[in-house]
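Peer 1: So that we are looking at the same thing, I have put the structure below in structure tokens.
The values are calculated or read from the model by the stated rules, or taken from the named source; none is laboratory data. Given the structure is predicted, the values throughout are model-derived calculations rather than measurements. Virtual Cβ from ideal backbone geometry, glycine too; neighbours counted across all protein chains shown.
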Amino acid sequence: MCQYINVVLSADLKTEMIKPLFAKHGLGYNPFQNQFIFQQLKKNVQLVNTTTKQCDCGSIIGIESHPAGKGIQPKDIERLRRKGWSETKIKNWIADKTKTDFQAQDREKERIQWMVFLHEAINEYMIGMVGLYIHWYDNSIFDEEIIFKDKKKISLSELQVDTLGKLRYDILYEFIP
């Protein structure tokens, strides 16, 4: 189906306080429930989908872990394999497809948007932790059976320019002060 980027926050945070922060940084604020996720987390958390479009396919978040890169979907790769393309030819096609300056500008804008959001949420809004995960959904976000492979803490002081692109699917990243 599609990739979505979701955030985990304390349920104690008031919507009227944090929704404007999401909007300020071009992120959606769409709370949702998923029992499979809640079973793996501490009590008293809320899940927020940050999508403002149909999906988050092609996002800078986790782009390096996506097998095909920005704007190229797994179905595109499968189609080329069925046509008999070699892995080298497919890799070259991906490289050509992802090189445009426009895409690079979009990725840089999104990277900055997310980095500023995380810094502002934690430092200015005093949100102790912002959890973030990406998942390739085959079903709805409400009933997809998601099992986190791992949980990792990332201090804001460790947040580098390339960190967001290196995030992996189905790992809960907890950004902390």
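Peer 1: Taking the criterion of being small (Gly, Ala, Ser) and either modelled with pLDDT under 85 or surrounded by 14 or more Cβ atoms within 10 Å (Cβ to Cβ) (or both), would at least one residue in segment 45-58 satisfy it?
Peer 2: Going residue by residue through segment 45-58, those that are small (Gly, Ala, Ser) are 58.
Keeping just the survivors that are either modelled with pLDDT under 85 or surrounded by 14 or more Cβ atoms within 10 Å (Cβ to Cβ) (or both) gives 58.
There is at least one residue in segment 45-58 that is small (Gly, Ala, Ser) and either modelled with pLDDT under 85 or surrounded by 14 or more Cβ atoms within 10 Å (Cβ to Cβ) (or both).
Peer 1: Would you please name the residue that is nearest to residue 21 (Cα to Cα), looking only at residues in segment 126-147 that are among the hydroxyl-bearing types (Ser, Thr, Tyr) and surrounded by 13 or more Cβ atoms within 10 Å (Cβ to Cβ)? Show your work before the answer.
Peer 2: Of the residues in segment 126-147, the ones among the hydroxyl-bearing types (Ser, Thr, Tyr) are 133, 137, 140.
Right, trim to surrounded by 13 or more Cβ atoms within 10 Å (Cβ to Cβ) and you get 133, 137.
Working: 133: 19, 137: 26 Å.
Among them, the one singled out is 133.
Peer 1: Using beta carbons and a limit of 8 Å, which pairs, at least six apart or on different chains, have the first residue in segment 60-82 and loosely packed, with under 14 Cβ neighbours inside 10 Å and modelled with pLDDT under 75 and the second one not in a loop (DSSP other than H, G, I, E, B) and not acidic (Asp, Glu)?
Peer 2: 67/74; 67/77
Peer 1: Quickly run through segment 26-40 and pick out the residues that are loosely packed, with under 15 Cβ neighbours inside 10 Å and on the phi < 0 side of the Ramachandran plot.
Peer 2: Restricting attention to segment 26-40, the residues satisfying the condition of being loosely packed, with under 15 Cβ neighbours inside 10 Å are 26, 31-33, 35-36, 38-40.
31, 32, 33, 35, 36, 38, 39, 40 - these are the residues of segment 26-40 that are loosely packed, with under 15 Cβ neighbours inside 10 Å and on the phi < 0 side of the Ramachandran plot.
Peer 1: For residues that are part of a helix (DSSP H, G or I), over 16 Å from residue 173 (Cα atoms) and in contact (Cβ under 8 Å) with a residue 24 or more places away in the chain, tally how many sit in segment 112-161. I'd like the intermediate steps shown before the answer.
Peer 2: Kept after step one, since they are part of a helix (DSSP H, G or I), are these residues of segment 112-161: 112-124, 156-158.
Retained after the next criterion (residues that are over 16 Å from residue 173 (Cα atoms)): 112-113, 116, 120, 123-124.
Applying the additional criterion that residues be in contact (Cβ under 8 Å) with a residue 24 or more places away in the chain yields 113, 116, 120, 123.
The number of residues fulfilling the criteria is 4.
Peer 1: Considering only residues that are under 14 Å from the mean Cα position of the chain (by Cα) and over 20 Å from residue 25 (Cβ atoms), which ones fall in segment 110-147?
Peer 2: Of everything in segment 110-147, those that are under 14 Å from the mean Cα position of the chain (by Cα) and over 20 Å from residue 25 (Cβ atoms) turn out to be 135, 136, 137, 141.
Peer 1: Please determine, by comparing only the residues of segment 83-108 that are surrounded by 12 or more Cβ atoms within 10 Å (Cβ to Cβ) and within 20 Å of the chain's Cα centre (by Cα), which one is modelled with the highest pLDDT.
Peer 2: Only one residue tops the list, namely 108.
Peer 1: Going residue by residue through segment 3-20, is there one that turns out to be modelled with pLDDT of 85 or more and in contact with a Gly (Cβ under 6 Å, 6 or more places away or on another chain)? If you could, list the steps in order and put the result at the bottom.
Peer 2: In the first step, residues of segment 3-20 are kept if they are modelled with pLDDT of 85 or more; the result is 3-20.
Checking the rest, the ones that are also in contact with a Gly (Cβ under 6 Å, 6 or more places away or on another chain) come to 8.
Yes, the conditions are met somewhere in segment 3-20.
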